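One structure below.
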Amino acid sequence: MTKWFDLSAGDEMHLETASFVRRFSVALSVSAESAWAELTRDNALAWCSAVTGSRYLTPRPFGVGTRRELSMRPSTVKATEEYFRWEETPRVRYRNTFYVSRFTVPGLRHFVEDTLVERLASGSRLTWTFAIEPGPTLRVPLKLAAPAVTAALRRVVTETADYLGRASETATTENGQ
């Protein structure tokens, strides 16, 4: 039986103040609506090597309060995500933000993720922000593992961009990590 650990609810503030924040931005050759449809479909992220599956726990239409379960490698790693922002301006801008409410790995206090897709003159731009606040037992290990965690997150973004059709990529690191 899977053992779950509860995380504290996160909010938009964590995207700026968490001790570990990574923001990646990539131009895509597909339209904003095409990118958004793929990112919010059933079993989204199945194209990522670190993800084994995802499923929504709430019915469509999606919005604030939507819940999703994500399964990762190794196969015992799972997260339950709860969306506190869901904005759709068709053909212009799409955004959702969630916090992880439960995780099968202990030691995290907050995990917040923000996905923004915006129309460009040619294609779209995906900006993905990950914010992690470890609990006391993971502070030092996360600091030491920051380069590896950043690389893993960058791989998710790169695999997603490759799947959707990438034009170019930039990444920024915040909080000196």
- Message: Within the range 70-80, does at least one residue satisfy the condition of being more than 13 Å from the chain's Cα centre (by Cα) and within 20 Å of Thr129 (Cβ to Cβ)?
- Response: no
- Message: Among the numbered criteria (1) in a loop (DSSP other than H, G, I, E, B); (2) in contact (Cβ under 8 Å) with a residue 60 or more places away in the chain; (3) surrounded by 15 or more Cβ atoms within 10 Å (Cβ to Cβ), which one does Val26 miss?
- Response: (1)
- Query: Can you tell me which residues in the range 76-100 are among the polar types (S, T, N, Q) and either farther than 17 Å from Leu116 by Cα or without any contact (Cβ under 8 Å) to a residue 40 or more places away in the chain (or both)?
  - Reply: Thr76, Thr80, Thr89
- Kindly indicate the residue of the range 115-168 that is over 13 Å from the mean Cα position of the chain (by Cα), assigned to a strand (DSSP E or B) and of a type in the set (Ser, Thr, Tyr) and also nearest to Ser49 (Cα to Cα) among those meeting that condition. Ser168
- Message: Where the second residue is surrounded by 15 or more Cβ atoms within 10 Å (Cβ to Cβ) and the first is without any contact (Cβ under 8 Å) to a residue 24 or more places away in the chain and lies in the range 1-15, which pairs have Cβ atoms under 9 Å and are six or more apart or on separate chains?
- Response: Met13/Val112
- Message: Considering only residues that are assigned to a loop (DSSP other than H, G, I, E, B) and surrounded by 12 or more Cβ atoms within 10 Å (Cβ to Cβ), which ones fall in the range 59-75?
- Response: Phe62, Gly63, Val64, Thr66
- How many of the residues making up the range 88-138 are among the hydrophobic types (A, V, I, L, M, F, W, C) and out of contact with any strand residue (DSSP E or B) (no Cβ under 8 Å at 6 or more places or on another chain)? 1
- Any idea which residue in the range 94-114 is farthest from the chain's Cα centre (by Cα), counting only those that are surrounded by fewer than 19 Cβ atoms within 10 Å (Cβ to Cβ) and part of a strand (DSSP E or B)? Arg109
- Task: Within the range 32-48, track down each residue that is touching a residue at least 24 places away in the same chain (Cβ under 8 Å), surrounded by 17 or more Cβ atoms within 10 Å (Cβ to Cβ) and not in a helix (DSSP H, G or I).
- Result: Thr40, Leu45, Cys48
- Note on the structure: Of Arg155, Arg166, Arg91, the only residue that is exposed (fewer than 14 other Cβ atoms within 10 Å of the Cβ) and farther than 22 Å from Leu15 by Cα is Arg91
- Note on the structure: Per the list (1) in contact with a strand residue (DSSP E or B) (Cβ under 6 Å, 6 or more places away or on another chain); (2) over 19 Å from Ala131 (Cα atoms), residue check on Phe5 breaks on (2)
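Each value in this text was obtained by applying a stated rule to the coordinates, not by laboratory testing. Here the structure is a predicted model, which means the values were calculated and not measured. As a convention, Cβ positions derive from the backbone with ideal geometry for all residues, glycine included, and neighbour counts pool all protein chains shown.
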